[in-house]
Amino acid sequence: MSRLIPHPMLSVALVLFWMVLTSFSPGHLLLGSMIALVAGRAMAALHPERPRIRRWSVVPRLLWTLFMDVLRSNIAVTRLILTEGNGKRSSTFLVVPLTLRSQNALAVLSIIVTSTPGTAWIEYVSETGMLTVHIFDDKEAEHYRKVIKETYEPMLMEIFE
Amino acid sequence: MNALDNIPLWIAILASFFVVLGATLTLIGALGFARLERFYDRIHAPTLGTSWGTGGIIIASAILASHFEGRFIFHELVIGFCVMVTIPVTLMLLGRAALHRDRAENSPILPPEMRDGPIDTTLEDPSEDTQEQEDPETSEIPVTTAQGTVSAEKSPDEEKKGE
């Protein structure tokens, strides 16, 4: 079982994806399943850390927080770009020490950081757990340090670790 | 045009609101990308286009498609999901390439504590005093040796793959 389907969650998600994108028919179910199995085996060849989601209940809260944050920072960055001429905005680098170590949680964190306008993931050093983020507006650096350290990291640790 | 004539007014307003929102944000992002001067600032501007810029147009498309098909259509969300998941890959590549360049040039854009490579500050902790001579060539030697050990550690993993 585990040799044939090394990543059941990935494969099931891929089949669902395939069925959503094509109209349902037995042929597409077969084709989608075959692709999902091959993709699962290809994934296994990369030896990724096995994702283990411990608490699904935190996921909606995470998504909602992300949604509101993205909305808020979209407005902030739009305003900054449009008023660049008269404002005295300066950008800064922010170093956040992370206790998060799970590769999957870090991958999700990188998606969160990059999809929030105004923050850009620059570097993560796995030996020290230091994450360097570039902040568009340095007045918000403290806010983002808090958001990453006190909001997202505990949530991701609850989900993955 | 005939198909579009039959849309109820409230759906038309809702969909056009989201299209205009998404397009405007993408435009502002492109504008910022053109106007900002420094690399690290410029990578922020296009993220407007990849978050709500994409989002607005996706939502509008989903609203219209759901109206025409008479059921909830969310194909578009797959596009949004794929954009969100793949953006960090390109952004990290660009960011790290820029960081590498600025470190090699000892650029004043970087704060002083970031100009040394990340690896030698951690591995060379006990002998920090010797790093006081600000010689870019000597500070680069630990980096190369560190990479050497990293790749040496990786090789047994690759052997396992061969089996």
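Can you confirm whether A:LEU63 is touching an Asp or Glu at 6+ places or on another chain (Cβ under 8 Å), free of Cβ contacts under 8 Å to residues at least 60 places away in the same chain, assigned to a helix (DSSP H, G or I) and within 12 Å of chain B (Cβ to nearest Cβ)? Lay out the reasoning, then the answer.
Numbers: touching an Asp or Glu at 6+ places or on another chain (Cβ under 8 Å): no; free of Cβ contacts under 8 Å to residues at least 60 places away in the same chain: yes; assigned to a helix (DSSP H, G or I): yes; within 12 Å of chain B (Cβ to nearest Cβ): yes.
In short, no.
Does segment B:58-76 hold any residues that are at the interface with chain A (Cβ under 9 Å from one of its Cβ atoms) and of a type in the set (A, V, I, L, M, F, W, C), and which are they?
To start, the set of residues in segment B:58-76 that are at the interface with chain A (Cβ under 9 Å from one of its Cβ atoms) comprises B:74-75.
Correct list: B:PHE74 only.
Considering only residues of segment B:30-40 that are over 16 Å from A:TRP121 (Cβ atoms) and at the interface with another protein chain (Cβ under 7 Å from one of its Cβ atoms), which is surrounded by the most Cβ atoms within 10 Å (Cβ to Cβ)? Spell out how you get there, then give the answer.
To start, the set of residues in segment B:30-40 that are over 16 Å from A:TRP121 (Cβ atoms) comprises B:30-38.
Then drop every residue that is not at the interface with another protein chain (Cβ under 7 Å from one of its Cβ atoms), which leaves B:31-32, B:35.
Details: B:LEU31: 16, B:GLY32: 25, B:ARG35: 14.
My answer is B:GLY32.
Quickly run through segment A:18-48 and pick out the residues that are touching a residue at least 12 places away in the same chain (Cβ under 8 Å) and aromatic (Phe, Trp, Tyr). Full working, then the answer.
Filtering segment A:18-48 for residues touching a residue at least 12 places away in the same chain (Cβ under 8 Å) gives A:18-19, A:29, A:31-33, A:35-37, A:39-41, A:43-44, A:48.
Hit for segment A:18-48 is A:TRP18, nothing else.
How about segment B:1-110: which helices (runs of 4 or more DSSP H) wholly inside it have at least 2 residues that are without any contact (Cβ under 8 Å) to a residue 40 or more places away in the chain and of a type in the set (Phe, Trp, Tyr)? Spell out the reasoning first.
Working: elements: B:2-5, B:9-35, B:39-42, B:54-69, B:75-104.
The helices (runs of 4 or more DSSP H) meeting that bar are B:9-35.
Name the strands (runs of 3 or more DSSP E) wholly within segment A:68-145 that hold at least 2 residues that are crowded, with 18+ Cβ neighbours inside 10 Å and β-branched (Val, Ile, Thr)?
Here the list reads A:119-125, A:130-135.
For segment A:39-50, check the following and say yes or no: at least one residue is away from every other protein chain (no Cβ under 14 Å), out of contact with any Pro (no Cβ under 8 Å at 6 or more places or on another chain) and not charged (D, E, K, R).
Here is the first cut: in segment A:39-50, the residues away from every other protein chain (no Cβ under 14 Å) are A:39-40, A:50.
Subsequent filtering for residues that are out of contact with any Pro (no Cβ under 8 Å at 6 or more places or on another chain) retains A:39, A:50.
Narrowing further to those that are not charged (D, E, K, R): A:39.
Yes: one or more hits.
Checking the structure you have, find out if any residue of segment A:37-53 is surrounded by fewer than 11 Cβ atoms within 10 Å (Cβ to Cβ), assigned to a helix (DSSP H, G or I) and modelled with pLDDT under 85.
yes
Hey, among B:ILE43, B:ILE57, B:ILE87, which residue is modelled with pLDDT of 90 or more, surrounded by 16 or more Cβ atoms within 10 Å (Cβ to Cβ) and either closer than 27 Å to A:LEU109 by Cα or not assigned by TED's automatic domain parsing to the domain that holds B:PRO111 (or both)? Steps first, please.
Values: B:ILE43 fails: modelled with pLDDT of 90 or more; B:ILE87 fails: modelled with pLDDT of 90 or more.
Going through B:ILE43, B:ILE57, B:ILE87 in turn, just one is modelled with pLDDT of 90 or more, surrounded by 16 or more Cβ atoms within 10 Å (Cβ to Cβ) and either closer than 27 Å to A:LEU109 by Cα or not assigned by TED's automatic domain parsing to the domain that holds B:PRO111 (or both): B:ILE57.
Quick one: would you say B:ARG115 is among the charged types (D, E, K, R), under 30 Å from A:LEU21 (Cα atoms) and at pLDDT below 80?
Criteria not met by B:ARG115.
The values are calculated or read from the model by the stated rules, or taken from the named source; none is laboratory data. All values derive from a computational prediction rather than experimental measurement. Neighbour counts run over all protein chains shown; Cβ positions are idealised from the backbone, glycine included.
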